Amino acid sequence: MKISEIQIKTYKIPLPEPVEAYAAGIMKAFDLVICKITNDDGIEGVGYITVHENQGLAISEIIKNSFKNILINQDPRYIEYLWQLMWKNVHYAGRGAPVSFAIAAVDVALWDLKGKCLKEPLWSILGGHSKKVLCYAGNIDLNFSKEKLLTEASKCLNEGFKAIKMRLGRQSLKEDLDRLESMRNHLPDEIALMADANEAWRVDQAVKAFNEIEKFNLVWIEEPIKPDDFSGYKLLKSLGKVPIAAGENLHTMSEFNFLINTLGVDFVEPDLTTCGGITPFMKIAKLSEINNLPVISHGVHELHSHLLSACPNASYMEFHAWRVDDFIDGKLSIENGFTSPSDKPGHGITFDFEKLNSYAIK
Ligand SMILES: [Mg+2]
């Protein structure tokens, strides 16, 4: 079997309303990069990544300029080999983002192609553990007024979610605590609550925040400090106040290895689009399992539903604000806090390219 064609398209998808995170600021749209890989039997695998607005083209150019030539005529079944080939090819300017995003788009397409060739869903060929994926709503944002924060949380509960994550990182800790208290009082006791600080604090500020936040019994606090302050994460975890989630801004397996070995994390949070695809995500999930840690996910929930279904140590999957629901056949549904991946061959997600056309930027 050979790869006969690779096509790359980039789109800018507007968000229904602006959302804000401390590190990223206000987001009004996101970029979507889709990579189609066709084999010599005409079977097509589709990979995609989402990224901040105006960053998609840089990623699609890496695929076009650095990967296309080395992948054409290769056997698409040998994903580990092709992953290493891409990694080595851009090693000098790479070993991280945006190269990891570019590898991820190709890697997902290869896995989808493999699933389609084998006529098996992705969650099954990745190992298959449980199709019941626990999920949470992750789009309760920093720029929302307190009233809107609570209204949006109620909407998520009506959609079937049993867990909700809100963002922290307002001007003062007092304001964050006030919003947290309102949310906790608003939610029924059985609804789980997480918080995401999106790197808002220095370590000393995080220590103060943890002392105050402990009483809210959060499932986790996510990215309290910048992602690569590993000794900071170690210190915060050693306090034993609030479980810590981190990983969405790590881009290599080595960074995850370091975070886990530093004892700086309770919930390991890889995002297949930021860490190089399904291939490294599954290794990070297994490394977490070996270290008795749960794995959670960030972004592209349709894809992650397959990956977490293959992980015995899976915890919550995030339903992210960057949604492609309007452009796909294969939108996930939520029932009583759980979702399930598609049973179609591959990832089972089919894009409506005609509908996407008006959002194309290249
Ligand atoms: Mg986050």
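Summary of values
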| read-out | value |
| --- | --- |
| Distance between region 239-256 and region 281-321 - C-alpha centres, whole angstrom | 13 Å |
| Residue of T50, T339, T262 that the Gaussian network model of the chain assigns the largest fluctuation, springs spanning Cα pairs under 10 Å | T262 |
| Helix axis angle, 203-213 relative to the chain longest principal axis, alpha carbon, degrees | 70 degrees |
| Amide H within-cut-off set for F30, under 5 Å, with H built and near neighbours excluded | I13, L15 |
| DSSP bridge orientation in the chain - percent antiparallel, rounded to nearest 5 | 60 percent |
| Summed side-chain charge close to F256 - residues other than F256 whose Cβ falls under 13 Å, Lys, Arg +1, Asp, Glu -1 | -4 |
| Selection of trypsin sites (Lys or Arg not before Pro), region 94-147, meeting DSSP coil and at most 10 other Cβ within 10 Å | K119 |
| Under Karplus coefficients 6.51, -1.76 and 1.60, residue-wise ³J(HN,Hα) of region 90-100 in Hz, glycine/proline x | 10, 3, 5, 9, x, 6, x, 6, x, 4, 4 |
| Too-long pairs where the Cα-Cα distance tops 18 Å, listed order kept, from K241/K286; K9/K355; K36/K331; K68/K355; K116/K355; K2/K36 | K241/K286; K36/K331; K68/K355; K116/K355 |
| The chain, helix-only ellipticity at 222 nm - DSSP H runs n ≥ 4, -39,500 (n - 2.57), divided by all residues, nearest 500 | -10500 deg cm²/dmol |
| Cα centroid of region 176-210 to Cα centroid of region 8-27, whole Å | 23 Å |
| Residue with peak Gaussian network fluctuation, the chain [Cα springs, cutoff 10 Å], from T273, T350, T252 | T350 |
| Gaussian network model of the chain, Cα within-10 Å springs - most flexible of L142, L272, L307 | L142 |
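Throughout, read-outs are computed from the coordinates displayed, never taken from laboratory work. Computed from a predicted structure; not experimentally measured. We place every Cβ from the backbone using ideal geometry, glycine too, and count neighbours over all the protein chains shown.
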